[in-house]
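A.B. asks: Pasting a structure below so you can have a look.
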Amino acid sequence: MTATSNTPEPLLPRISSPADLRSLPLERLPQLCHEIRQFLIENVPKTGGHFASNLGTVELAVALHYVFDTPRDDLVWDTGHQAYAHKLLTGRLHLFHTIRQYRGISGYPTPEESPYDVFPVGHAGTSISIALGLAKARDLSHGSQHIIAVIGDGGLTSGLALEGLNNAHGVRKFLVVLNDNKMSISPTIGALARHFSRVVSDRRYRYLKREIGSFLLKIPLVGRWLTTAIQRVQGGIKHIIAPQNVFENLGFHYLGPINGHDIHQLVSFLQACRDETDMPVLLHVLTRKGKGYSPAEGDPERFHGLLPTSPACNGELPLEGETYTDIFADALHECARHDPRIVVISAAMCAGMGLTRFAQEHPERFVDVGIAEQHAVTFAAGLAARGLRPVVGIYSTFLQRAYDQIAHDVCLPHVPVALAIDRAGLVGGDGKTHHGVFDIAYLRHLPGMHIFMPRDRSAMHSILRYIFQQTHPSAIRYPRCIVPNSLVPGGLPPFSQLEPTRWQLLSSGSDCAIIALGHMVFNAYRAAQLLAAQGIHATVVDACSVWPLDLTTLAHLATSCASLITIEDHVLAGGFGSAVAEYLAQHSPTPPLLTIGIPNRFVEHGSLQDLYRELGWLPDQLAHRISAWLRNPHASTCNS
């Protein structure tokens with residue numbers, strides 16, 4: 001849009017660093033915030049990514065960089081999914097069209113990308129502990145910079161965040177900004193959420209804050225003491241109405257709550273926080289998720305994240321069909337209709353895991369514990385100990401946080417908790433902080449644990465029905481993608497295992513056996529079709545029972561096929577192929593084994609198509625790789 005005499009010159013293109021931002025007069029900041037918000041509304045739908053959360057933190061990002069001397073002052077974003085405005089202000093405007101795309105910029109803060117990204121983040125609740133570590137390092141090196149942690153009210157329900165708060169007493173030049181929008185992905189729940197709401201919603205507080213604040217503002221300005229006086233009056237009001245302020249009891253100077261979309265108020269309060277150097281400060285900021293875009297304001301849960309509208313940016317493979325999350329939700333709902341023992345526990349992922357219908361139809365059998373994965377697992381163990389059949393729905397990358405609880409509270413007492421592990425495998429644009437590629441390795445060595453991975457709707461239903469009939473711990477893992485039926489001309493033979501602990505042979509051939517997990521079965525079957533055109537005949541196996549191994553079928557394959565290949569959407573170290581190798585090492589005969597999976601590195605972000613191509617997982621790549629290996633299978637028994 002061309003600037004006219006009535007249209008101010010655009011500001012956002014002029015901002016290449018926070019230094020440019022700090023050169024602006026305060027009265028120009030509302031215009032900049034408007035431009036950033038419009039930029040996000042226009043561009044995030046094209047690439048996909050976190051939407052509502054970023055619209056809610058525009059003014060906060062601008063005010064933080066305006067007041068503090070970043071990157072000298074350390075700014076740590078919790079989770080990082082709300083840091084898009086931060087990226088725009090720190091020199092990445094011209095790269096924003098590549099966000100979450102293959103070899104583009106990350107959707108989360110990452111130090112390799114910018115010195116303004118202090119620490120790589122992607123999981124909730126980490127910011128306060130990270131910031132405390134930075135503060136301790138500063139003090140040991142006699143530094144003087146400020147340390148700021150920005151955390152949402154959802155992230156603050158994490159036990160790690162509370163542990164950090166408990167350890168912050170007496171830390172100087174340390175600020176925690178509580179971005180309170182009453183949401184994580186789903187609405188924030190629990191006692192802490194009610195505590196935050198008590199002061200904010202109390203009419204007496206709002207009235208006294210408005211009337212006394214208005215009176216004080218009529219006094220002629222005589223310096224910074226007026227701001228401090230107003231804050232002290234507000235603090236006194238809070239103590240009258242809600243005397244048990246948890247943050248002040250933990251040793252913080254508590255300020256707020258304030259309007260997180262009033263840039264002038266934000267700047268004023270952040271300046272006061274910056275000038276408090278003797279004790280930690282917590283600034284309580286109220287924001288609205290989806291601010292400035294009415295559909296997102298009305299339904300922030302739905303608009304938390306968007307899929308891309310640009311075909312070139314699509315992260316799904318293939319492009320159409322039902323997702324594994326969909327078929328899990330349907331199968332769970334069907335089982336729960338006939339089994340009143342089933343109770344579902346979510347860790348702030350109700351919509352993401354497709355559990356909304358279950359929560360609505362069985363509210364008494366649905367519990368959302370917030371971002372508290374450890375509590376979710378141990379809570380489920382207590383339910384299972386009294387005869388119920390709890391299902392704990394957690395993304396694979398977040399389940400890592402509950403490892404001790406799975407070992408000590410589920411497997412040790414051997415109770416029938418079912419872990420529903422969504423986002424198992426590569427997840428596309430969310431990248432290395434969210435790829436769920438470690439769960440087999442950290443689960444299969446636990447005594448009594450059974451792990452399954454269904455390839456389609458029929459397998460999902462069969463496995464869930466089987467799990468609820470058992471008395472041991474179980475895990476069912478499934479990826480973030482479409483069920484790829486269209487990959488295979490003619491389709492796969494139907495899933496027919498009444499006993500899902502047995503593997504299913506989908507084709508027969510003596511040259512090799514290709515043993516694959518879940519959605520990788522489709523790639524394996526298509527690769528076998530391509531190999532057959534070369535005269536190579538493969539047995540394709542759906543290893544629906546990841547662990548324990550189906551030793552009867554594996555022993556048969558080891559004697560009937562010249563070579564074995566395993567394919568998994570998981571790290572090789574400790575994964576499914578590793579389990580097969582361990583078995584073969586102890587038994588005879590020992591055919592050559594090729595293991596295909598993820599090597600010992602973190603995989604970056606990008607569409608699944610691009611990541612599969614990089615790893616050599618597309619059917620034509622698999623066929624070429626297997627064909628080349630079969631010509632000399634003894635040259636290497638393991639491959640990434």
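A.B. asks: Once a ≥ b ≥ c are taken as the square roots of the eigenvalues of the Cα gyration tensor of the range 384-449, is the result rounded (a/c under 1.5), prolate (a/b larger than b/c) or oblate (a/b not larger than b/c)?
C.D. replies: prolate
A.B. asks: How many nm is it between the label spots at His97 and Leu498, if each spot is 7 Å from the Cα in line with the beta carbon?
C.D. replies: 5.9
A.B. asks: Considering only DSSP beta bridges with both partners in the chain, what is the antiparallel share in %, to the nearest 5?
C.D. replies: About 15 percent, rounded to the nearest 5.
A.B. asks: For Arg389, which sequence-distant residues (separation of 5 or more, or a different chain) have an amide H within less than 5 Å of its own amide H, given hydrogens modelled in the peptide plane?
C.D. replies: Ile342, Val343
A.B. asks: Give the calculated FRET efficiency between Glu112 and His338 to the nearest 0.05, with a Förster radius of 45 Å applied to their Cβ-Cβ distance.
C.D. replies: Approximately 0.35, to the nearest 0.05.
A.B. asks: Sort Tyr116, Tyr395 so that the residue with the fewest other Cβ atoms within 10 Å of its own Cβ comes first and the one with the most comes last.
C.D. replies: Tyr116, Tyr395
A.B. asks: Rounded if a/c is under 1.5, else prolate if a/b is larger than b/c, else oblate: which is the range 1-142, with a ≥ b ≥ c the root eigenvalues of its Cα gyration tensor?
C.D. replies: Oblate, since a/c reaches 1.5 and b/c is not below a/b.
A.B. asks: Using only the alpha-carbon atoms, how far is helix 373-384 inclined from the longest principal axis of the chain? Give it as 0 to 90 degrees, nearest 10.
C.D. replies: 60
A.B. asks: Another question about this same structure. For His537 and Ser588 in one chain, what is 0.36 nm times their gap in residues minus the Cα-Cα distance, to one decimal in nm?
C.D. replies: This chain segment gains 16.1 nm when fully extended.
A.B. asks: On to the next question. Taking a ≥ b ≥ c as the square roots of the eigenvalues of the Cα gyration tensor of the range 324-477, is the shape rounded (a/c under 1.5), prolate (a/b larger than b/c) or oblate?
C.D. replies: Rounded is the answer for the range 324-477, as its axis ratio a/c remains below 1.5.
A.B. asks: Continuing with the same structure: In what order do Tyr108, Tyr254 fall by count of nearby beta-carbon atoms within 10 Å, going from fewest to most?
C.D. replies: If I rank by nearby Cβ atoms, fewest first, I get Tyr254, Tyr108.
A.B. asks: Long-range amide H contacts for Ala424: which residues qualify at under 5 Å (H placed 1.01 Å from N, peptide plane, sequence gap of 5 or more or a different chain)?
C.D. replies: It is Ser396, Tyr478, Arg480, by chain and number.
A.B. asks: Under the Karplus relation 6.51 cos²θ - 1.76 cosθ + 1.60, θ = phi - 60°, what is the ordered set of whole-Hz ³J(HN,Hα) values for the range 110-127, x standing for Gly and Pro?
C.D. replies: 8, x, 5, 8, 7, x, 7, 8, 5, 8, x, 9, x, 10, 7, x, 8, 4
A.B. asks: To continue, here is another question. So for Leu175, Leu160, fewest C-beta neighbours within 10 Å to most, what's the order?
C.D. replies: Leu160, Leu175
A.B. asks: Related question: Amide H neighbours of Asp368 under 5 Å, at least 5 residues apart or on other chains, H built in the peptide plane: list them.
C.D. replies: Ser346
A.B. asks: Summing -39500 (n - 2.57) over the DSSP H runs of n ≥ 4 in the chain and dividing by its residue number, what mean residue ellipticity at 222 nm do you reach, to the nearest 500 deg cm²/dmol?
C.D. replies: So the calculated ellipticity at 222 nm is -11000 deg cm²/dmol.
A.B. asks: Sticking with this one: Which of the aspartates and glutamates could a cross-linker span from Lys432 if the Cα-Cα distance has to be under 18 Å and same-chain partners fewer than 8 positions apart are dropped?
C.D. replies: Within the straight-line cut-off, Lys432 pairs with Asp78, Glu112, Glu113, Asp117, Glu316, Asp422, Glu568, Asp569, Glu604, Asp610, Glu614.
A.B. asks: Excluding His253 itself, calculate the net charge of residues whose Cβ lies under 10 Å from the Cβ of His253, where each Lys or Arg counts +1 and each Asp or Glu counts -1.
C.D. replies: For residues surrounding His253, the net value is -3.
A.B. asks: With point charges of +1 on the Cβ of Lys and Arg and -1 on the Cβ of Asp and Glu, referenced to the Cα centre of the range 324-477, which listed residue (Phe366, Val392, Cys411) lies farthest in the positive direction of the dipole?
C.D. replies: Comparing the listed Cα positions along the dipole, Cys411 ranks first.
A.B. asks: If exposed trypsin sites (Lys or Arg not before Pro) are those in a DSSP loop with at most 12 other Cβ within 10 Å, what is the longest stretch of the chain that has none?
C.D. replies: In the chain, the maximal stretch lacking such sites is 387-600.
A.B. asks: Could you tell me what percent of the DSSP beta bridges with both partners in the range 407-559 are antiparallel, to the nearest 5?
C.D. replies: 30
A.B. asks: Which whole-Hz couplings ³J(HN,Hα) result when phi for each residue of the range 464-471 is put into the Karplus expression 6.51 cos²θ - 1.76 cosθ + 1.60, θ = phi - 60°, listed in order with x for Gly and Pro?
C.D. replies: Using θ = phi - 60°, the values come out as 5, 4, 5, 4, 6, 8, 9, 10 Hz.
A.B. asks: Calculate how steeply helix 263-275 sits against the longest principal axis of the alpha-carbon atoms of the chain, using the helix alpha-carbon long axis, and give the answer as 0 to 90 degrees to the nearest 10.
C.D. replies: It is inclined by approximately 90 degrees.
A.B. asks: Roughly how tilted is helix 225-241, in degrees to the nearest 10 and between 0 and 90, from the longest Cα axis of the chain?
C.D. replies: For 225-241 against the chain, the angle is about 60 degrees.
A.B. asks: If you don't mind, another one. Can you run phi through the Karplus equation (6.51, -1.76, 1.60; θ = phi - 60°) for the range 482-495 and list ³J(HN,Hα) in whole Hz, with x for Gly and Pro?
C.D. replies: 6, 5, x, 4, 6, 5, 10, x, x, x, 8, x, x, 5
Any read-out appearing in this document is the output of simple, stated calculations on the displayed coordinates, not a laboratory observation. This is a predicted model, so every value here is computed, not measured. Using ideal geometry, Cβ is built from the backbone for each residue, glycine included, and neighbour counts are taken over all protein chains shown.
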